[in-house]
Structures are given as structure tokens and as C-alpha cells.
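The values are calculated or read from the model by the stated rules, or taken from the named source; none is laboratory data. Nothing here was measured: the structure is a model prediction, and the numbers come from that model. Heads up, the Cβs are rebuilt from the backbone with ideal geometry, glycines too, and the neighbour counts pull from every protein chain shown.
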Amino acid sequence: MVTTTALEAELLEVAGAVPDPELPVLTLLELGVLRAVHAHGPDSVEVELTPTYTGCPAVEAMALDIERVLHEHGVRDVTVRKVLAPAWSTDDITDEGRRKLREFGIAPPRAGRVAEPVGLRLGPTRTLAQEAGEAADPVRCPHCGSAETELLSRFSSTACKALRRCLSCREPFDHFKEL
């Protein structure tokens, strides 16, 4: 078991408060991509950052923002290391992060959905939730809460989101896909 010092816990909170560059409503800690801060003395730290997927273009911006806030907090030497194992999962998003996504108008990923590799089925992009096998755990509209939604596009503003529309209130919304 790895123990965290008081300094490491403090610096984790400081670095964790950095907003995600693509979803600024979430912090890196709420998104679950900030894994750890290891202090190598009072002026030197190593930060572990796990991208949402290996090709995530925001990792460099995250690292620079983490370095900036830790330098501003008085840490002279900051190294941000990309850690790919264990892989990030949407289950790493905190409850607070899920709440913030919903309030921002993005349907949060459903928790505990991915236990095995995700299969890809090609077909029509306009798919009702029931047709997609989501009847037991539908993607709910973040605006009105309806379970009657349809998939408009498997990809939205970023690769980690899909574009959906509510059939009740007719509002389109992003859905943060489960990974």
C-alpha cells in the first residue's frame, strides 16, 4: 500500500483543481485523469496523468496547466508523466464530476458499464435507445431526465462524446461515452 504524505495530498488538490481543457466544467481530479503526485522533496514533484485515451490531444495542455499551478504554488521542479496503465475508464469520473456534467447539459457515462472490450456495431446513426440495447440502463436526457433518447451521431464535439436527442423535450445533448 502506498502512503501519501500531507504535502502530496495538498499538491494533488492543487493540481487536481485544474480544469479539463475540453470540458472546463470538470477538474482533472473530478475527471479522474490525475492519478498521483509524488514529492521528491519540498521543491520537486512528479505527477502521474492518465489520458482518457492514448491519442487524447488535450494531454499536453493538461500537463502545462499542472506545471503552471504547481510552480505558482512554490514547487520549483515539476515533472508530469503520462501513465497508460491502468487505463482510464469513465468509471474514474467522480460523483461530483457526473453531477457537473449533467448540470452542464452533457449526459454523464453510466457507471460500471464496461467490464470487457467494447464492441463496435456499424449501422444507422439514428438509433433509439431501446434498439441499441439500452432499455435496462438508458441514456437519460440531462435537460428533462427522459429515458426516451436517440443516437444522432456516434461522435460529437470530441471523440469521447456522442450526439443524442431527447424525444420528449426534443433538445440535443452530448453523452460522455462509457470507456
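Of note:
- Output for the stretch 1-42, where each listed residue is at positive phi and within 11 Å of the chain's Cα centre (by Cα): Gly32
- Flag for Val78 being in contact with a strand residue (DSSP E or B) (Cβ under 8 Å, 6 or more places away or on another chain) and surrounded by 14 or more Cβ atoms within 10 Å (Cβ to Cβ): yes
- From Pro57, Pro86, Pro24, Pro42, residue being surrounded by fewer than 13 Cβ atoms within 10 Å (Cβ to Cβ), out of contact with any Gly (no Cβ under 6 Å at 6 or more places or on another chain), over 30 Å from Lys177 (Cβ atoms) and not charged (D, E, K, R): Pro42
- Checklist (1) at pLDDT 95 or above; (2) assigned by TED's automatic domain parsing to the domain that holds Pro138; (3) not hydroxyl-bearing (Ser, Thr, Tyr) applied to Pro109, failing item: (1)
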